[in-house]
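The values are calculated or read from the model by the stated rules, or taken from the named source; none is laboratory data. None of the values given here were measured: they were computed from a predicted structure. Methodologically, a virtual Cβ is constructed for each residue, glycine included, from the backbone with ideal geometry; neighbour enumeration extends over all protein chains shown.
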Amino acid sequence: MPRRAVAFLLAFLPLVACERREVARSDGRVRLVATTPIVADVARAVGGDRVAVTSLLGPGVDPHLFRPTREAVAEIVAADLVVVNGLHLEGKLGAALGRVEAAGRPVVAVAEAVPEERRLGDEGAHDPHVWMDASLWALTAAPVAEALAKVDPANAEAYRERAKAFEAAAIALDAELEAELARIAADRRTLVTAHDAFGYLGRRHAIEVIGVQGLSTGSEAGLRDLEQTIATIVERRIPAVFVETTVSPRTVEAIVAGAKARGHAVRIGGTLHSDSTGPVGSGAETWEGMLRANVRAMVEGLGGSTADAWKESGDR
C-alpha cells in the first residue's frame, strides 16, 4: 500500500476510532472485520448475534493479489477485532495489518492455530490453504472465541460454546467428505488444478494434487511445469482437469490442448472454489458449501458416482 495512503489513514485514526465507539454504543455488538469470506464464516459461527462481521473481500476475490484500499484499511481501523487467515495468504495486507496492530487493534491469524508439524510447506513458506482440510479448519474457531472473550468478557462462555459447536460441525463435515471422495477409484485419484490450493485436501483424503502454478496465484506456470503436467496426464490417462473461480483458465486450457496434441483427450471436469467462496445462490457461498461443491465436482469429474442422498444434502 502506498506510504501516503497509510499516512493519511493513520492521521485520521482518532476520528475513525471515535466513530467506531459511537456505533458500538448504539448497536451493542462487537465489530469484527475478517479478510476473506471463508474466515468471516468462522467469525460468524463463533460470534453469533453478538458480533457484526464484515468481510473485506467479496466472493470470488483472490486474496493472494488483493491490495488494500483506503476504504479497506478504514474498515480494519474501525473494528474491535480483526481476523485474518495468516500464513502469508494476505501478503499484500501485511504492512497495513502491522500498522493496525501497532495502533492497538487486536489481529488474530486463525490458520496459525494449526500446529507447525501439521502444516504443509517449509517454515516461513507454509501452505495457507488450511480450510481445504475440514479437520484442521476446526481448530480455527477457538482462537476467535478467545479473542472475542477478551473484547467482550461478558459473553466469553457463549463464544467458547459456539466455537465447540463449530468444531463438531467441521469434524462431521470432514467425515462426510471422506465418504464421498472414497467413490473415486484408486487409479483416478489425481487432481490437476491451476494453482496448488488443494494440498491439505489431498493429504487428508489420499488424493495426489498437481497445482501447476504453485501456492500463489501471483506466480506463473513455466513451460517445464506445463510439459511435466501434460506428460503425467497422458501417461496416467487422467480423465479430467479443473479450473478455479479465482484463477484464469488459460493454464488449464493449455494443458488440455497439450494432452490432445499427444493423443489423449482430457476434459475440464468442472470449476473448483479454491481461495474464496461462490456468489450468493451458487450453493458454494459458505465454507461448508464450497467444500461440498468442490467434492461433488471432483467425484463427478474423475469418474466417481455421487449418491442421491448426498446430492440432496447440499445446504444442510
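For beta carbons closer than 9 Å, sequence separation of 6+ or different chains, a first residue in the stretch 165-192 that is under 24 Å from I255 (Cβ atoms) and a second that is in a helix (DSSP H, G or I) and among the hydroxyl-bearing types (S, T, Y), the qualifying pairs are T190/T232; V192/T229; V192/T232. In this entry, P128 passes the filter for residues that are in contact with a Gly (Cβ under 9 Å, 6 or more places away or on another chain), assigned by TED's automatic domain parsing to the domain that holds K164 and crowded, with 19+ Cβ neighbours inside 10 Å. Kindly indicate which of E285, E253, E244 is at pLDDT below 95, of a type in the set (D, E, K, R) and touching a Ser or Thr at 6+ places or on another chain (Cβ under 8 Å). None of the other options fit; the residue is E244.
Results for (1) closer than 17 Å to L291 by Cα; (2) assigned by TED's automatic domain parsing to the domain that holds V107; (3) not aliphatic (A, V, I, L, M), shown as yes or no for each residue.
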| site | (1), (2), (3) |
| --- | --- |
| A134 | yes, yes, no |
| L139 | yes, yes, no |
| R160 | no, yes, yes |
| R203 | yes, no, yes |
| V209 | yes, no, no |
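What number of residues within the stretch 147-178 satisfy the criterion of being surrounded by fewer than 17 Cβ atoms within 10 Å (Cβ to Cβ) and either β-branched (V, I, T) or not in a helix (DSSP H, G or I) (or both)? Adding up the residues that qualify gives 1.
Picking from residues in the stretch 110-125 that are in a loop (DSSP other than H, G, I, E, B) and touching a helix residue (DSSP H, G or I) at 6+ places or on another chain (Cβ under 8 Å), the one that is surrounded by the fewest Cβ atoms within 10 Å (Cβ to Cβ) is E123. If you go through the stretch 69-87 one residue at a time, how many are in a loop (DSSP other than H, G, I, E, B) and either out of contact with any strand residue (DSSP E or B) (no Cβ under 8 Å at 6 or more places or on another chain) or outside the structural domain of L120 (by TED's automatic domain parsing) (or both)? Qualifying residue count, the stretch 69-87: 1. Screening the stretch 179-296 for strands (runs of 3 or more DSSP E) wholly inside it with 3 or more residues that are among the acidic types (D, E) returns no ranges. Within the stretch 151-174, the set of residues being over 18 Å from T140 (Cα atoms) and either under 20 Å from the mean Cα position of the chain (by Cα) or not hydrophobic (A, V, I, L, M, F, W, C) (or both) comprises D152, P153, N155.
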